[in-house]
Amino acid sequence: MNYFDDLEFVCCGHALASSSECKDYHFDGYYGIQFIIDGKINLSIDNSNKISSQGPVVFFTGPNNLFTYNSPKNESRQHFFVCFKGPRVKRYIDGGLFPKVISNKFFLVQQPQKLADMFFELLSYWRRSDKNSHAEAVLILEKILLQLSFQFGNFRPNVRDKEC
């Protein structure tokens, strides 16, 4: 079966207590979902004004921007992420499952445990190396995207965002 071969996972992960900084990072040719389930996060895209929020929030990453994000000094965050690329991503964007334009905004997650469970499931399939597991991981990613699009509609920004 090659139906799911039009999507490649670049990386996936879960950092239980991350204090790492991503500074002026270019997601070269791939897109991502960054889910901060707990802790504080600062974000700046293309050197715009830094905004901050408290989890549970999501922000999106893509290849046409420079991203800087971190936790405030002496703090950490619980951070899930999945990054992906391929022809299928264009269908996600065209179909409204992924933002057409990446904005310097956080989106408040209303059911964080449900989303975390989906990320854990995606990670379990991603860590396996067989063809069926890849297909399952793609389906879970699409389920995550579907849930986020149901919740955010046209990906309107959350009013909790604030400039620092």
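Identify, please: which residue in region 71-99 is within 20 Å of residue 122 (Cα to Cα) and in a loop (DSSP other than H, G, I, E, B) and is, among those, least open to solvent (accessible area, probe 1.4 Å)? Here the answer is 98. Annotation: of all residues in region 27-55 being in contact (Cβ under 8 Å) with a residue 40 or more places away in the chain, open to solvent by 80 Å² or more (accessible area, probe 1.4 Å) and not in a strand (DSSP E or B), the one that is nearest to residue 145 (Cα to Cα) is 50. Scanning region 1-26 for residues being open to solvent by 50 Å² or more (accessible area, probe 1.4 Å), under 16 Å from residue 83 (Cα atoms) and under 16 Å from the mean Cα position of the chain (by Cα) gives a total of 5. One residue stands out among those in region 100-111 that are assigned to a loop (DSSP other than H, G, I, E, B) and either touching a strand residue (DSSP E or B) at 6+ places or on another chain (Cβ under 6 Å) or more than 16 Å from residue 31 (Cα to Cα) (or both): the one that is most open to solvent (accessible area, probe 1.4 Å), which is 110. On inspection, residue 124 fails the criterion of being among the hydroxyl-bearing types (Ser, Thr, Tyr), open to solvent by 10 Å² or more (accessible area, probe 1.4 Å), out of contact with any strand residue (DSSP E or B) (no Cβ under 8 Å at 6 or more places or on another chain) and at pLDDT below 95.
Evaluate region 104-111: report whether one residue or more is among the charged types (D, E, K, R), modelled with pLDDT of 95 or more and within 14 Å of the chain's Cα centre (by Cα). No - not one qualifying residue is present in region 104-111.
For region 30-43, a residue qualifies if it is within 15 Å of the chain's Cα centre (by Cα) and of a type outside the set (A, V, I, L, M), and the qualifying residues are 30, 31, 32, 34, 35, 38, 42. For region 56-70, how many residues meet the condition of being buried (at least 19 other Cβ atoms within 10 Å of the Cβ) and under 14 Å from residue 106 (Cα atoms)? Matching residues across region 56-70 total 9. When region 109-124 is filtered for residues that are out of contact with any Pro (no Cβ under 7 Å at 6 or more places or on another chain) and under 13 Å from residue 147 (Cα atoms), the ones remaining, listed by number, are 110, 111, 113, 114, 115, 116, 117, 118, 119.
Going through region 135-148 one residue at a time, which ones are out of contact with any helix residue (DSSP H, G or I) (no Cβ under 7 Å at 6 or more places or on another chain) and either open to solvent by less than 50 Å² (accessible area, probe 1.4 Å) or in a loop (DSSP other than H, G, I, E, B) (or both)? Matches in region 135-148: 135, 138, 142, 148.
The values are calculated or read from the model by the stated rules, or taken from the named source; none is laboratory data. Keep in mind it's a predicted model, so treat the numbers as computed, not measured. Cβ atoms come from the backbone with ideal geometry, glycine included; neighbour counts cover every protein chain shown. Heavy atoms of the whole protein, side chains included, go into the accessibility calculation; ligands, DNA and RNA do not. Shrake-Rupley method; radii C 1.70, N 1.55, O 1.52, S 1.80 Å.
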